[in-house]
Amino acid sequence: MKTILVTGGAGFIGSHLTEALLENGFKVIILDNFHSYYPPIIKRKNIEEIHLTMNNRKIPLSNFLLTEGDIREESVLESLFNTQNIYMVIHLAAMAGVRKSIENPLLYFDVNVQGTLRLLEKCRKKSIKKFIFASSSSVYGNNNKIPFSEKDSVDKPISPYAASKKSGELLCYNYHHLYDMSIACLRFFTVYGPRQRPDLAIHKFSHSIINDIKIPFYGDGSSSRDYTYISDIIQGILGAVHWIENDEIKKYDIFNLGGDKSISLKSMVETIENTLNKKADLQLLPLQPGDMKITSADISHSQKQLGYMPTIPFQEGIRKFITWKLNSLKIKEQDYK
Ligand SMILES: NC(=O)c1ccc[n+]([C@@H]2O[C@H](COP(=O)([O-])OP(=O)(O)OC[C@H]3O[C@@H](n4cnc5c(N)ncnc54)[C@H](O)[C@@H]3O)[C@@H](O)[C@H]2O)c1
(Lines give C-alpha, C1' and ligand atoms only; values in the text may rest on other atoms or scores of the structure.)
Protein backbone atom coordinates (compact mmCIF):
# COMPACT_ATOMS: atom_id res chain seq x y z
CA MET A 1 0.00 0.00 0.00
CA LYS A 2 1.38 3.43 -0.99
CA THR A 3 1.68 6.06 1.73
CA ILE A 4 0.95 9.72 1.02
CA LEU A 5 1.93 12.45 3.45
CA VAL A 6 -0.67 15.24 3.43
CA THR A 7 0.60 18.34 5.21
CA GLY A 8 -2.20 20.59 6.43
CA GLY A 9 -4.54 17.58 6.27
CA ALA A 10 -6.68 18.71 9.20
CA GLY A 11 -7.73 21.83 7.30
CA PHE A 12 -10.53 22.46 4.86
CA ILE A 13 -9.09 21.07 1.61
CA GLY A 14 -6.74 18.62 3.35
CA SER A 15 -9.50 16.81 5.25
CA HIS A 16 -11.53 16.24 2.06
CA LEU A 17 -8.39 15.14 0.23
CA THR A 18 -7.50 12.68 3.00
CA GLU A 19 -10.92 11.04 2.72
CA ALA A 20 -10.61 10.79 -1.06
CA LEU A 21 -7.09 9.29 -0.89
CA LEU A 22 -8.20 6.73 1.72
CA GLU A 23 -11.15 5.82 -0.49
CA ASN A 24 -8.73 5.40 -3.39
CA GLY A 25 -6.68 2.83 -1.47
CA PHE A 26 -3.78 4.94 -0.20
CA LYS A 27 -2.48 5.04 3.33
CA VAL A 28 -2.54 8.66 4.52
CA ILE A 29 -0.41 10.42 7.09
CA ILE A 30 -1.51 13.90 8.09
CA LEU A 31 1.03 16.38 9.44
CA ASP A 32 -0.73 19.43 10.87
CA ASN A 33 -0.01 21.78 13.77
CA PHE A 34 -3.68 22.79 14.26
CA HIS A 35 -2.72 26.43 13.90
CA SER A 36 -5.05 28.93 15.59
CA TYR A 37 -5.47 31.09 12.45
CA TYR A 38 -9.05 29.88 12.84
CA PRO A 39 -10.39 27.83 15.79
CA PRO A 40 -8.48 24.51 15.99
CA ILE A 41 -11.66 22.85 17.26
CA ILE A 42 -12.94 23.06 13.66
CA LYS A 43 -9.90 21.05 12.54
CA ARG A 44 -10.49 18.48 15.31
CA LYS A 45 -14.02 18.11 13.96
CA ASN A 46 -12.61 17.58 10.45
CA ILE A 47 -10.46 14.73 11.83
CA GLU A 48 -13.54 13.23 13.52
CA GLU A 49 -15.31 13.32 10.17
CA ILE A 50 -12.40 11.53 8.51
CA HIS A 51 -12.75 8.77 11.13
CA LEU A 52 -16.49 8.63 10.49
CA THR A 53 -15.95 8.27 6.75
CA MET A 54 -13.39 5.50 7.37
CA ASN A 55 -15.87 3.73 9.61
CA ASN A 56 -18.67 4.02 7.03
CA ARG A 57 -16.44 2.80 4.20
CA LYS A 58 -14.90 0.07 6.38
CA ILE A 59 -11.39 1.41 5.84
CA PRO A 60 -8.97 -0.09 8.42
CA LEU A 61 -7.77 2.37 11.08
CA SER A 62 -4.18 1.40 10.30
CA ASN A 63 -4.48 3.17 6.91
CA PHE A 64 -4.54 6.54 8.65
CA LEU A 65 -2.07 8.30 10.91
CA LEU A 66 -2.37 11.77 12.40
CA THR A 67 0.86 13.50 13.41
CA GLU A 68 0.49 16.78 15.26
CA GLY A 69 3.46 18.99 14.52
CA ASP A 70 4.97 21.85 12.61
CA ILE A 71 6.43 21.46 9.11
CA ARG A 72 9.25 23.80 10.20
CA GLU A 73 10.37 21.55 13.03
CA GLU A 74 13.32 19.38 12.13
CA SER A 75 12.71 16.80 14.86
CA VAL A 76 9.10 16.31 13.74
CA LEU A 77 10.09 15.82 10.09
CA GLU A 78 13.02 13.64 11.03
CA SER A 79 10.97 11.16 13.03
CA LEU A 80 8.19 11.09 10.42
CA PHE A 81 10.45 10.59 7.42
CA ASN A 82 12.63 8.07 9.29
CA THR A 83 9.80 5.86 10.46
CA GLN A 84 7.37 5.98 7.52
CA ASN A 85 7.83 4.76 3.99
CA ILE A 86 6.51 7.87 2.25
CA TYR A 87 5.69 7.51 -1.44
CA MET A 88 4.42 11.02 -2.20
CA VAL A 89 4.01 14.33 -0.39
CA ILE A 90 0.98 16.56 -0.97
CA HIS A 91 1.91 19.82 0.65
CA LEU A 92 -1.12 21.89 1.66
CA ALA A 93 0.04 23.24 5.04
CA ALA A 94 0.33 27.00 4.88
CA MET A 95 -0.63 30.27 6.39
CA ALA A 96 -3.53 31.08 4.08
CA GLY A 97 -5.36 34.37 3.64
CA VAL A 98 -4.27 37.48 1.78
CA ARG A 99 -5.16 40.22 4.25
CA LYS A 100 -3.53 38.59 7.30
CA SER A 101 -0.33 38.17 5.29
CA ILE A 102 -0.04 41.95 5.00
CA GLU A 103 -0.20 42.18 8.82
CA ASN A 104 2.36 39.40 9.38
CA PRO A 105 4.54 38.84 6.31
CA LEU A 106 7.42 37.29 8.29
CA LEU A 107 5.25 34.47 9.59
CA TYR A 108 3.83 33.85 6.10
CA PHE A 109 7.30 33.55 4.61
CA ASP A 110 8.53 31.41 7.46
CA VAL A 111 5.74 28.84 7.07
CA ASN A 112 5.02 29.02 3.35
CA VAL A 113 8.57 29.36 2.04
CA GLN A 114 10.92 27.98 4.73
CA GLY A 115 8.40 25.25 5.54
CA THR A 116 8.15 24.23 1.89
CA LEU A 117 11.93 24.22 1.55
CA ARG A 118 12.31 22.01 4.62
CA LEU A 119 9.88 19.46 3.17
CA LEU A 120 11.62 19.47 -0.20
CA GLU A 121 14.96 18.97 1.55
CA LYS A 122 13.58 16.01 3.49
CA CYS A 123 12.27 14.53 0.23
CA ARG A 124 15.68 14.96 -1.37
CA LYS A 125 17.46 13.28 1.54
CA LYS A 126 15.02 10.37 1.62
CA SER A 127 14.82 10.05 -2.20
CA ILE A 128 11.09 10.77 -2.27
CA LYS A 129 10.51 11.85 -5.85
CA LYS A 130 6.83 12.77 -5.97
CA PHE A 131 5.56 16.08 -4.65
CA ILE A 132 2.40 18.18 -5.08
CA PHE A 133 2.36 21.80 -3.96
CA ALA A 134 -0.76 23.85 -3.16
CA SER A 135 -0.26 27.17 -4.90
CA SER A 136 -2.87 29.83 -5.46
CA SER A 137 -4.62 31.99 -8.04
CA SER A 138 -3.33 34.94 -6.01
CA VAL A 139 0.05 34.63 -7.80
CA TYR A 140 -1.61 36.28 -10.84
CA GLY A 141 -1.95 39.61 -8.99
CA ASN A 142 -3.76 42.22 -11.06
CA ASN A 143 -3.20 40.29 -14.29
CA ASN A 144 -4.83 42.20 -17.15
CA LYS A 145 -5.36 39.20 -19.38
CA ILE A 146 -8.52 37.21 -18.70
CA PRO A 147 -8.73 34.26 -18.19
CA PHE A 148 -5.45 33.62 -16.34
CA SER A 149 -3.22 31.12 -18.06
CA GLU A 150 -0.28 29.23 -16.56
CA LYS A 151 1.82 30.84 -19.28
CA ASP A 152 1.06 34.39 -18.04
CA SER A 153 3.78 36.24 -16.18
CA VAL A 154 3.34 36.12 -12.40
CA ASP A 155 6.12 38.49 -11.46
CA LYS A 156 3.97 41.12 -9.78
CA PRO A 157 2.37 39.63 -6.64
CA ILE A 158 0.23 42.13 -4.74
CA SER A 159 0.40 40.51 -1.28
CA PRO A 160 3.03 38.71 0.81
CA TYR A 161 0.81 35.61 0.62
CA ALA A 162 0.94 35.67 -3.20
CA ALA A 163 4.71 36.26 -3.13
CA SER A 164 5.14 33.31 -0.74
CA LYS A 165 3.18 30.99 -3.04
CA LYS A 166 5.15 32.09 -6.09
CA SER A 167 8.35 31.46 -4.07
CA GLY A 168 7.08 27.96 -3.27
CA GLU A 169 6.59 27.28 -6.98
CA LEU A 170 10.15 28.45 -7.69
CA LEU A 171 11.59 26.17 -5.01
CA CYS A 172 9.59 23.27 -6.46
CA TYR A 173 11.03 23.91 -9.91
CA ASN A 174 14.50 24.09 -8.43
CA TYR A 175 14.17 20.69 -6.71
CA HIS A 176 12.73 19.15 -9.86
CA HIS A 177 15.68 20.48 -11.85
CA LEU A 178 18.43 19.51 -9.43
CA TYR A 179 17.10 16.25 -8.01
CA ASP A 180 14.84 14.74 -10.66
CA MET A 181 11.68 15.12 -8.64
CA SER A 182 8.26 15.00 -10.31
CA ILE A 183 6.32 18.00 -9.05
CA ALA A 184 2.89 19.48 -9.78
CA CYS A 185 2.09 22.98 -8.53
CA LEU A 186 -1.67 23.45 -8.36
CA ARG A 187 -3.07 26.97 -8.42
CA PHE A 188 -6.37 26.72 -6.56
CA PHE A 189 -9.01 29.37 -7.34
CA THR A 190 -11.14 30.30 -4.28
CA VAL A 191 -12.33 26.96 -2.97
CA TYR A 192 -15.69 26.62 -1.19
CA GLY A 193 -18.00 23.93 0.14
CA PRO A 194 -18.59 22.03 3.40
CA ARG A 195 -15.84 22.67 6.03
CA GLN A 196 -14.77 25.85 4.23
CA ARG A 197 -12.47 28.05 6.30
CA PRO A 198 -14.56 30.49 8.35
CA ASP A 199 -12.42 33.45 7.21
CA LEU A 200 -13.38 33.02 3.55
CA ALA A 201 -16.06 35.30 2.09
CA ILE A 202 -18.79 32.75 1.29
CA HIS A 203 -18.60 31.29 4.79
CA LYS A 204 -18.33 34.67 6.50
CA PHE A 205 -21.24 36.14 4.55
CA SER A 206 -23.50 33.12 5.09
CA HIS A 207 -22.70 33.14 8.81
CA SER A 208 -23.46 36.86 9.06
CA ILE A 209 -26.75 36.63 7.17
CA ILE A 210 -27.91 33.68 9.29
CA ASN A 211 -26.99 35.52 12.52
CA ASP A 212 -28.18 39.04 11.53
CA ILE A 213 -24.64 40.46 11.59
CA LYS A 214 -23.62 43.44 9.43
CA ILE A 215 -21.39 42.40 6.52
CA PRO A 216 -18.33 44.50 5.61
CA PHE A 217 -18.70 44.74 1.82
CA TYR A 218 -15.50 45.88 0.13
CA GLY A 219 -15.71 47.84 -3.14
CA ASP A 220 -18.75 48.33 -5.37
CA GLY A 221 -19.56 44.63 -5.73
CA SER A 222 -18.08 44.32 -9.20
CA SER A 223 -14.90 42.51 -8.09
CA SER A 224 -15.24 38.86 -9.01
CA ARG A 225 -13.87 35.43 -8.20
CA ASP A 226 -13.64 32.14 -9.98
CA TYR A 227 -15.11 29.94 -7.24
CA THR A 228 -14.30 26.23 -7.22
CA TYR A 229 -16.39 23.66 -5.42
CA ILE A 230 -14.41 21.40 -3.09
CA SER A 231 -15.25 18.11 -4.86
CA ASP A 232 -13.97 19.58 -8.14
CA ILE A 233 -10.69 20.62 -6.47
CA ILE A 234 -10.31 17.10 -5.04
CA GLN A 235 -10.82 15.60 -8.51
CA GLY A 236 -8.12 17.97 -9.76
CA ILE A 237 -5.67 16.92 -7.03
CA LEU A 238 -6.36 13.23 -7.72
CA GLY A 239 -5.75 14.00 -11.40
CA ALA A 240 -2.36 15.43 -10.44
CA VAL A 241 -1.56 12.31 -8.35
CA HIS A 242 -2.22 10.16 -11.45
CA TRP A 243 -0.32 12.58 -13.70
CA ILE A 244 2.76 12.19 -11.48
CA GLU A 245 2.33 8.42 -11.26
CA ASN A 246 1.65 7.97 -14.96
CA ASP A 247 5.17 7.49 -16.26
CA GLU A 248 8.71 7.34 -15.01
CA ILE A 249 9.81 10.59 -16.70
CA LYS A 250 10.58 13.29 -14.15
CA LYS A 251 8.35 16.27 -14.75
CA TYR A 252 7.36 19.66 -13.39
CA ASP A 253 4.29 21.62 -14.30
CA ILE A 254 1.85 24.21 -13.04
CA PHE A 255 -1.91 23.73 -13.28
CA ASN A 256 -4.86 26.05 -12.72
CA LEU A 257 -7.71 24.44 -10.82
CA GLY A 258 -10.67 26.80 -11.13
CA GLY A 259 -14.44 26.71 -11.52
CA ASP A 260 -16.29 27.34 -14.76
CA LYS A 261 -16.77 31.11 -14.54
CA SER A 262 -16.11 34.28 -12.59
CA ILE A 263 -18.90 35.45 -10.23
CA SER A 264 -19.15 39.04 -9.01
CA LEU A 265 -19.21 39.78 -5.28
CA LYS A 266 -22.69 41.29 -5.70
CA SER A 267 -24.01 38.18 -7.39
CA MET A 268 -22.32 35.92 -4.83
CA VAL A 269 -24.17 37.73 -2.01
CA GLU A 270 -27.46 37.55 -3.95
CA THR A 271 -27.05 33.80 -4.48
CA ILE A 272 -26.53 33.30 -0.72
CA GLU A 273 -29.51 35.60 0.04
CA ASN A 274 -31.74 33.65 -2.33
CA THR A 275 -30.63 30.31 -0.94
CA LEU A 276 -31.25 31.43 2.66
CA ASN A 277 -34.30 33.44 1.64
CA LYS A 278 -32.99 36.29 3.78
CA LYS A 279 -31.43 39.70 3.01
CA ALA A 280 -27.87 40.69 3.91
CA ASP A 281 -27.17 43.84 5.92
CA LEU A 282 -24.23 45.38 4.04
CA GLN A 283 -21.71 47.90 5.34
CA LEU A 284 -20.10 49.45 2.24
CA LEU A 285 -16.29 49.86 2.49
CA PRO A 286 -13.49 50.64 0.01
CA LEU A 287 -11.60 47.81 -1.71
CA GLN A 288 -8.80 46.45 0.54
CA PRO A 289 -5.11 46.63 -0.39
CA GLY A 290 -3.88 43.25 -1.62
CA ASP A 291 -7.32 42.23 -2.92
CA MET A 292 -7.46 41.26 -6.58
CA LYS A 293 -10.20 42.77 -8.75
CA ILE A 294 -10.88 39.55 -10.60
CA THR A 295 -9.76 35.95 -10.76
CA SER A 296 -10.60 33.81 -13.74
CA ALA A 297 -9.00 30.47 -14.62
CA ASP A 298 -8.06 29.15 -18.01
CA ILE A 299 -8.34 25.43 -17.24
CA SER A 300 -7.55 24.07 -20.71
CA HIS A 301 -4.06 22.86 -19.68
CA SER A 302 -5.42 21.03 -16.60
CA GLN A 303 -8.22 19.61 -18.71
CA LYS A 304 -5.76 18.17 -21.18
CA GLN A 305 -3.11 16.92 -18.77
CA LEU A 306 -5.09 16.01 -15.65
CA GLY A 307 -8.51 15.29 -17.14
CA TYR A 308 -9.77 18.11 -14.91
CA MET A 309 -13.37 19.16 -15.47
CA PRO A 310 -15.30 21.09 -12.80
CA THR A 311 -18.90 19.86 -12.60
CA ILE A 312 -20.63 21.79 -9.80
CA PRO A 313 -22.32 25.04 -10.91
CA PHE A 314 -22.13 27.94 -8.44
CA GLN A 315 -25.80 27.91 -7.36
CA GLU A 316 -25.71 24.19 -6.67
CA GLY A 317 -22.42 24.53 -4.76
CA ILE A 318 -23.87 27.31 -2.61
CA ARG A 319 -26.96 25.19 -1.92
CA LYS A 320 -24.73 22.32 -0.75
CA PHE A 321 -22.61 24.66 1.36
CA ILE A 322 -25.64 26.29 3.04
CA THR A 323 -27.18 22.88 3.77
CA TRP A 324 -23.92 21.85 5.46
CA LYS A 325 -23.68 25.15 7.37
CA LEU A 326 -27.25 24.93 8.70
CA ASN A 327 -26.76 21.28 9.69
CA SER A 328 -23.54 22.01 11.54
CA LEU A 329 -25.28 24.82 13.42
CA LYS A 330 -28.03 22.38 14.43
CA ILE A 331 -25.42 19.89 15.66
CA LYS A 332 -23.75 22.64 17.71
CA GLU A 333 -27.06 23.60 19.31
CA GLN A 334 -27.70 19.98 20.23
CA ASP A 335 -24.22 19.77 21.76
CA TYR A 336 -25.12 22.55 24.18
CA LYS A 337 -28.47 21.06 25.25
N1 LIG B 1 -9.14 27.58 0.28
C2 LIG B 1 -8.81 28.25 -0.80
O3 LIG B 1 -9.64 28.91 -1.43
C4 LIG B 1 -7.39 28.23 -1.31
C5 LIG B 1 -7.10 28.94 -2.49
C6 LIG B 1 -5.80 28.92 -2.97
C7 LIG B 1 -4.82 28.20 -2.30
N8 LIG B 1 -5.12 27.54 -1.16
C9 LIG B 1 -4.05 26.80 -0.48
O10 LIG B 1 -4.49 25.47 -0.23
C11 LIG B 1 -3.94 24.99 0.99
C12 LIG B 1 -5.04 24.52 1.92
O13 LIG B 1 -5.93 25.62 2.18
P14 LIG B 1 -7.19 25.50 3.13
O15 LIG B 1 -8.19 26.48 2.66
O16 LIG B 1 -7.57 24.08 3.31
O17 LIG B 1 -6.58 26.10 4.47
P18 LIG B 1 -6.63 25.57 5.98
O19 LIG B 1 -6.10 26.70 6.79
O20 LIG B 1 -7.98 25.04 6.31
O21 LIG B 1 -5.59 24.39 5.95
C22 LIG B 1 -4.21 24.56 6.14
C23 LIG B 1 -3.76 23.65 7.27
O24 LIG B 1 -2.35 23.83 7.44
C25 LIG B 1 -2.07 23.76 8.82
N26 LIG B 1 -0.81 24.46 9.09
C27 LIG B 1 -0.58 25.81 9.04
N28 LIG B 1 0.70 26.06 9.36
C29 LIG B 1 1.29 24.87 9.61
C30 LIG B 1 2.60 24.47 10.00
N31 LIG B 1 3.56 25.37 10.21
N32 LIG B 1 2.85 23.15 10.17
C33 LIG B 1 1.88 22.22 9.99
N34 LIG B 1 0.63 22.54 9.62
C35 LIG B 1 0.33 23.84 9.44
C36 LIG B 1 -3.25 24.44 9.49
O37 LIG B 1 -3.40 24.05 10.85
C38 LIG B 1 -4.41 23.99 8.61
O39 LIG B 1 -5.06 22.85 9.14
C40 LIG B 1 -3.09 26.14 1.54
O41 LIG B 1 -1.76 25.96 1.13
C42 LIG B 1 -3.68 27.37 0.87
O43 LIG B 1 -2.74 28.41 0.78
C44 LIG B 1 -6.38 27.53 -0.65
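The values are calculated or read from the model by the stated rules, or taken from the named source; none is laboratory data. As the structure is a prediction and not an experimental result, all values here were calculated from the model. Positions of Cβ are generated from backbone atoms using ideal geometry, with glycine treated the same way; all protein chains shown enter the neighbour counts.
Points to keep in mind about this one:
- Summed over region 136-169, the residues that are part of a loop (DSSP other than H, G, I, E, B) and either aliphatic (A, V, I, L, M) or out of contact with any Lys or Arg (no Cβ under 9 Å at 6 or more places or on another chain) (or both) give a count of 10.
- Test: LYS122 is more than 29 Å from ALA201 (Cβ to Cβ) and out of contact with any strand residue (DSSP E or B) (no Cβ under 8 Å at 6 or more places or on another chain): yes
- Scanning region 70-98 for residues that are surrounded by 17 or more Cβ atoms within 10 Å (Cβ to Cβ) and farther than 15 Å from LEU120 by Cα yields MET95, ALA96, GLY97, VAL98.
Okay, residues lined up against (1) in contact with a Phe, Trp or Tyr (Cβ under 7 Å, 6 or more places away or on another chain); (2) modelled with pLDDT under 95; (3) of a type outside the set (Gly, Ala, Ser):
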{"residue": "ILE299", "(1), (2), (3)": "yes, no, yes"}
{"residue": "TRP324", "(1), (2), (3)": "no, no, yes"}
{"residue": "LYS332", "(1), (2), (3)": "no, yes, yes"}
{"residue": "ASP335", "(1), (2), (3)": "no, yes, yes"}
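- Close pairs (6 angstrom Cβ cut-off, 6 or more residues apart or separate chains): surrounded by 15 or more Cβ atoms within 10 Å (Cβ to Cβ) in region 131-155, part of a loop (DSSP other than H, G, I, E, B) and of a type in the set (Phe, Trp, Tyr) anywhere: SER137/PHE189
- Restricting attention to region 236-247 and to residues that are out of contact with any strand residue (DSSP E or B) (no Cβ under 9 Å at 6 or more places or on another chain) and in a helix (DSSP H, G or I), the residue that is surrounded by the fewest Cβ atoms within 10 Å (Cβ to Cβ) turns out to be HIS242.
- For CYS172: the one exception among (1) in contact (Cβ under 8 Å) with a residue 60 or more places away in the chain; (2) in a loop (DSSP other than H, G, I, E, B); (3) under 24 Å from TYR308 (Cβ atoms); (4) over 17 Å from the mean Cα position of the chain (by Cα): (2)
- Candidate set from region 99-116 (those that are charged (D, E, K, R) and either closer than 9 Å to PRO160 by Cβ or surrounded by fewer than 16 Cβ atoms within 10 Å (Cβ to Cβ) (or both)); member that is modelled with the highest pLDDT: ASP110
- Among the residues of region 108-157, those that are charged (D, E, K, R), away from the ligand (no atom under 13 Å from the Cβ) and out of contact with any helix residue (DSSP H, G or I) (no Cβ under 6 Å at 6 or more places or on another chain) comprise GLU121, LYS125, LYS129, LYS145, LYS151, ASP152, ASP155, LYS156.
- If the condition is being hydrophobic (A, V, I, L, M, F, W, C) and either under 20 Å from the mean Cα position of the chain (by Cα) or modelled with pLDDT of 95 or more (or both), then region 214-244 contributes ILE230, ILE233, ILE234, ILE237, LEU238, ALA240, VAL241, TRP243, ILE244.
- Region 189-230: number of residues that are assigned to a helix (DSSP H, G or I) and either more than 16 Å from the ligand (Cβ to nearest atom) or surrounded by fewer than 17 Cβ atoms within 10 Å (Cβ to Cβ) (or both): 5
- Helices (runs of 4 or more DSSP H) contained in region 14-107 and holding at least 2 residues over 24 Å from ILE183 (Cα atoms) and within 11 Å of the ligand (Cβ to nearest atom): 40-56, 98-103
- Taken together, the criteria place ILE183 among residues that are assigned to a strand (DSSP E or B) and more than 15 Å from the chain's Cα centre (by Cα).
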